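First up is the structure itself, then whatever we jot down about it.
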Amino acid sequence: MIFVNAVAPIGLARRLLPLVRPGGVVAFLSSRTGSIALNDTGDMELYRASKAALNSLSRSFAVKDALPLGVGVLLLHPGWVQTDMGGDKAPVTIAESVEGLRCVLLASLDDPAHRFLDYEGATIVW
């Protein structure tokens with residue numbers, strides 16, 4: 001799980017980074033569950049660890065690779081979405097999540113930084 005959720009995305013981003021223009025952004029699909037500060041239930045330990053690993057690895061990627069080139073790095077939480085994983089009781093539709101993520105990405109262009117945001121643009125604590 002850690003390879004799929006953390007190691008592989010960073011490796012792919014490093015390979016694709018030369019294709020991103022200054023002012024562009026590299027985004028990773030993270031999760032609120034990857035926030036150590038917000039872990040108040042202790043459940044889903046391996047999933048949490050894999051997303052926390054992605055968040056940590058993205059910091060190194062941002063500092064060493066992307067930010068020096070003027071490229072931003074985003075970690076995005078899609079919300080609790082009505083998918084197989086989220087279930088029918090999830091409050092966010094797929095369409096709402098995708099549109100929100102699109103808007104957050106567009107708003108992050110030409111402002112290179114390393115951020116952890118949800119689909120509505122709210123900052124998530126690490």
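None of the figures in this text is laboratory data; all of them are computed from the coordinates on show. Just so it is clear, the model here is predicted, and its values are computed rather than measured. Neighbour counts are summed over all protein chains in view; Cβ atoms, including those assigned to glycine, are modelled from backbone coordinates with ideal geometry.
Summary of computed values
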read-out	value
Of residues in the stretch 68-97 being β-branched (Val, Ile, Thr) and over 13 Å from the mean Cα position of the chain (by Cα), the one farthest from residue 55 (Cα to Cα)	93
Output for the stretch 55-101, where each listed residue is part of a helix (DSSP H, G or I) and of a type in the set (Val, Ile, Thr)	63, 94, 98
Per-region count, the stretch 7-45, residues without any contact (Cβ under 8 Å) to a residue 24 or more places away in the chain and either in contact with a strand residue (DSSP E or B) (Cβ under 7 Å, 6 or more places away or on another chain) or under 18 Å from residue 101 (Cα atoms) (or both)	1
Single condition residue 84 does not satisfy, out of (1) touching a helix residue (DSSP H, G or I) at 6+ places or on another chain (Cβ under 9 Å); (2) surrounded by fewer than 18 Cβ atoms within 10 Å (Cβ to Cβ)	(1)
Test set (1) touching a Pro at 6+ places or on another chain (Cβ under 6 Å); (2) farther than 18 Å from residue 125 by Cβ - residue 28 fails condition number	(2)
